[in-house]
Amino acid sequence: MDALDWLKKLISFDTTSRNSNLSLIETLANAFTDYQINPILIHDEQAPKANLLASIPDCHGRFNGGLILSGHTDVVPVDGQTWDSDPFQATIREGKIYGRGACDMKGFIAVAMSLIPQLKALHLQFPVHFAFSYDEEIGCRGAPSLIERMVKLNYKPKACIVGEPTSMQPVIGHKGIQCYRCQIHGVAAHSSLTPQGCNAIEHAASFISYLRNIACQFKAQGHRDEAYDVPYSTLSTNLIHGGNAYNTIPALCEFVFEIRNLVVDNPHELHQQIVDYIDTQLLPALHKEQKNTKVILETISEAPGLDTPISEPLVRAAQSICQNEKHLKVAYATEAGLFQQAQIPTIVCGPGSIEQAHRANEFVSLEQLELCRQFIIKMMKSPFLNMSEL
């Protein structure tokens, strides 16, 4: 099948993160098997989901080293969105393929799958690994076990391309993300008897104000990297819920906040700063009013940032192929930072624009799919990449 046929098939699977991705994964696995490539499925122990790892060896039959083509199989929900066509049936209009996941990021997976026969026919100087994960959209939950399996197999890949939508321009950096849920447990009371209660909403407001001060410090005094459209770390409170009646002191307030950090801003230090505030400021204030109060801080999701040196052969190869020597960085997070943490130099480069991701009428153009196909083939032949490097 060509890339368009593959994309039509992939879009037809509703792999919204709350659903299983096994039907899609099994379809990919069967295709690899048809090409005499043995796929490895890494199952989630908690849900009916799986990663897929499959490798084409180099011309000497070796699997160690090589290049990873990485993508996630899950997509975000279409709930509440108004589409002009069925989001889970690919629709082609004016050279664009519409459907959920078209650019984020089933387009890249479709191109990679369509290239299997051509890659097998090449006299590959290094192996090619296909790494397709689950649950990227809700915290990069699948990729760690996928990378762990590569480590156990002693593959030691030397480079990775994560095919998130970048309009086929190589991205060498992105911010990290940490998302937290905080619950303030106060004490309920009739609103005419405020001293008998402990107002969870008001204490949550104090905490949120503290978090906003951190955000303001990032903007005014924090580290800066002008390669980003927002050149500093950010922190924002994005969801909040509390109380159950207008005449009752609220016993509970829950809110969600996220940090998108530059790589230079250590997320563990930021986390500890927030925990210290809870322990030394927030909890004492709660306990001063009522002893039977508490704060629960939960990490919902996290993913490390990416900062790939421009001296890496992978970067030089991608910039040469794309004829773009700019050091591009993006504010959104991907699985690329996880591969870099595993000592695998990584870039992000894939078809489609991030501006189309997560919205109604998501699309990728046929032109972008073709550019992606050419990019991967040229990468395999690039003079910047050779056996000594990969």
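Putting +1 on Lys and Arg Cβ atoms and -1 on Asp and Glu Cβ atoms, find which of LEU239, LEU306, PHE88 reaches farthest to the positive end of the dipole of the chain.
The residue sitting most towards the positive pole is LEU306.
What does the charge count around ASP135 come to, taking other residues whose C-beta lies under 11 Å from its C-beta (Lys +1, Arg +1, Asp -1, Glu -1)? Don't skip to the answer; put the middle values down first.
On the way: positive: ARG18, LYS49, ARG141; negative: ASP44, ASP74, GLU136, GLU137, GLU335.
Summing Lys and Arg as +1 and Asp and Glu as -1 gives -2.
Which value, in Å², gives the accessible area per residue of segment 317-368 when a 1.4 Å probe is used on the protein heavy atoms?
Working: 2220 Å² over 52 residues.
Normalised by residue count, the accessible surface of segment 317-368 is 43 Å².
What distance in nm separates the two pseudo spin-label positions at SER85 and HIS327, each 7 Å out from Cα along the beta-carbon direction?
According to this spin-label approximation, the distance is 4.1 nm.
Under a 10 Å cutoff between Cα atoms, tell me which one of LEU122, LEU52, LEU371 has the largest fluctuation in the Gaussian network model of the chain.
LEU122
If you put +1 on each Lys and Arg Cβ and -1 on each Asp and Glu Cβ, how big is the dipole of segment 213-369 around its Cα centre, in Debye rounded to 20? Before the final figure, lay out each step's value.
Details: 10 positive and 19 negative charges, 61 e Å.
With Lys and Arg at +1 and Asp and Glu at -1, about 300 debye.
Which part of segment 144-159 falls in the paramagnetic zone of ILE40, meaning amide N under 15 Å from the point 7 Å along Cα-to-beta-carbon?
144-158
Nearest-5 percent of antiparallel DSSP beta bridges in the chain?
Details: 48 of 65 bridges.
In the chain, DSSP labels about 75 percent of beta bridges as antiparallel.
Taking every pair of distinct Cα atoms and averaging 1/r, then inverting, what Kirkwood hydrodynamic radius in Å comes out for segment 176-303?
Values: mean 1/r = 0.0643 Å⁻¹.
Its Kirkwood hydrodynamic radius stands at 15.5 Å.
At a probe radius of 1.4 Å, what is the per-residue accessible area of ARG260, in Å² to the nearest 10?
Counting only protein heavy atoms, ARG260 exposes about 60 Å² to solvent.
Would you calculate the separation in nanometres between label points at ASP279 and LEU153, each defined as 7 Å from the Cα along the Cα-to-beta-carbon direction?
Using points 7 Å along Cα→Cβ, the separation is 4.2 nm.
Quick one: putting +1 on the C-beta of Lys and Arg, -1 on the C-beta of Asp and Glu, what dipole do you get for the chain around its Cα centre, in Debye to the nearest 20?
Details: 31 positive and 41 negative charges, 98 e Å.
Here the size comes out at about 480 debye.
What is the spin-label model distance, in nm, from ALA47 to ILE296 if the labels are put 7 Å beyond Cα along the C-beta direction?
Computed distance between label sites ALA47 and ILE296 equals 2.0 nm.
Work through the residues other than VAL162 whose Cβ is under 13 Å from its Cβ and net out their charges, Lys, Arg +1 and Asp, Glu -1.
On the way: positive: none; negative: ASP104, GLU136, GLU164, GLU335.
Once positives and negatives cancel, what remains is -4.
Sequence gap at least 6, Cα distance under 8 Å: using those rules, report the relative contact order of segment 277-390 to the nearest whole percent. Spell out each step's value before the answer.
Working: 75 pairs, mean separation 29.5, N = 114.
Result for segment 277-390 is 26 percent.
Put +1 on the Cβ of every Lys and Arg and -1 on every Asp and Glu Cβ in segment 136-199; which of HIS185, ALA159, GLN169 then has its Cα farthest towards the positive end of the dipole?
Result: ALA159, furthest along the dipole toward the positive end.
Taking the alpha-carbon centroid of each part, what is the distance from segment 260-328 to segment 71-99 in angstrom?
31 Å
Taking a temperature of 10 °C and a viscosity of 1.306 mPa s, what whole-number D in µm²/s does Stokes-Einstein yield for segment 132-207 with Rh from Kirkwood over alpha carbon pairs?
Details: Rh = 17.5 Å.
For these conditions, the coefficient is 91 µm²/s.
For segment 176-303, give the percent of accessible area contributed by carbon and sulfur heavy atoms, probe 1.4 Å, rounded to a whole number. Please list the in-between numbers first.
Numbers: 3590 of 7130 Å².
Percent of accessible area from carbon and sulfur atoms in segment 176-303: 50.
For ALA121 and SER12, what is the calculated FRET efficiency with R₀ set at 25 Å and r taken between the beta-carbons, to the nearest 0.05?
Working: r = 28 Å, r/R0 = 1.13.
Step by step, r from the Cβ atoms, then E = 0.30.
Got the relative contact order for the chain handy, in percent, Cα pairs under 8 Å and 6 or more residues apart?
Details: 861 pairs, mean separation 93.9, N = 390.
About 24 percent, as a whole number.
Quick check: from the Cα gyration tensor, does the chain come out rounded (a/c under 1.5), prolate or oblate?
Values: a/c = 2.24, a/b = 1.86, b/c = 1.20.
The shape class here is prolate.
Where nothing but the Cβ of Lys and Arg (+1) and of Asp and Glu (-1) is charged, how large is the charge dipole of segment 176-303 around its Cα centre, in debye to the nearest 20?
On the way: 8 positive and 13 negative charges, 85 e Å.
Dipole about the Cα centre, nearest 20: 400 debye.
What does the extension gain come out to for THR33 and ALA360, with contour length at 0.36 nm per residue minus their alpha carbon separation?
Numbers: separation 327, 0.36 × 327 = 117.72 nm, distance 3.48 nm.
Working it through step by step, the gained length comes to 114.2 nm.
For segment 47-124, which trypsin sites (Lys or Arg not before Pro) are both in a DSSP coil and crowded by at most 15 other Cβ atoms within 10 Å?
Working: sites: LYS49, ARG62, ARG93, LYS96, ARG100, LYS106, LYS120; in loops: LYS49, ARG62, ARG100.
In loop regions of segment 47-124 (DSSP not H, G, I, E or B), the sparsely surrounded trypsin sites (Lys or Arg not before Pro) are ARG62.
Out of CYS160, CYS103, CYS253, any idea which swings most in a Gaussian network model of the chain, alpha carbons joined below 10 Å?
Comparing CYS160, CYS103, CYS253 in the GNM, the peak value goes to CYS253.
The values are calculated or read from the model by the stated rules, or taken from the named source; none is laboratory data. Remember, it's a predicted structure, so these values are computed and weren't measured experimentally. A quick note on method: Cβ atoms are made from the backbone with ideal geometry, for glycine too, and the neighbour counts reach across all protein chains shown. With ligands, DNA and RNA removed, areas are computed over all heavy atoms of the protein, side chains included. Shrake-Rupley method; radii C 1.70, N 1.55, O 1.52, S 1.80 Å.
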